[in-house]
Amino acid sequence: MALLKISVVVPEGEVYTGEVKSVVLPGVEGEFGVLYGHSNMITIT
């Protein structure tokens, strides 16, 4: 399985940068998963 390169950034700075198989994130209408090949995205909460 291909890996995603992700960065998790909070107001205080970067908390994680690395490669993962997938990531599950909270959304307005519930959680959503992101796998390799997903479109690039930036979210604000």
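The values are calculated or read from the model by the stated rules, or taken from the named source; none is laboratory data. Remember, predicted model here, so these are calculated numbers, not experimental data. Positions of Cβ are backbone-derived with ideal geometry, glycine not excepted, and every protein chain shown enters the neighbour counts.
Under the condition of being among the basic types (Lys, Arg) and surrounded by 10 or more Cβ atoms within 10 Å (Cβ to Cβ), the residues counted in segment 1-31 number 1. The single condition among (1) of a type in the set (A, V, I, L, M); (2) part of a loop (DSSP other than H, G, I, E, B); (3) in contact with an Asp or Glu (Cβ under 8 Å, 6 or more places away or on another chain) that Ile42 does not satisfy is (3).
Val34 - would you say it is surrounded by 10 or more Cβ atoms within 10 Å (Cβ to Cβ), part of a strand (DSSP E or B) and modelled with pLDDT of 90 or more? Criteria not met by Val34.
Condition (residue is touching a Leu at 6+ places or on another chain (Cβ under 7 Å) and outside any strand (DSSP E or B)) applied to segment 22-31: is it met by at least one residue? No, segment 22-31 has no match at all.
Please verify whether Ile42 is under 10 Å from the mean Cα position of the chain (by Cα), of a type in the set (A, V, I, L, M, F, W, C) and surrounded by fewer than 10 Cβ atoms within 10 Å (Cβ to Cβ), treating the condition exactly as stated.
Details: under 10 Å from the mean Cα position of the chain (by Cα): yes; of a type in the set (A, V, I, L, M, F, W, C): yes; surrounded by fewer than 10 Cβ atoms within 10 Å (Cβ to Cβ): yes.
Yes: the conditions hold for Ile42.
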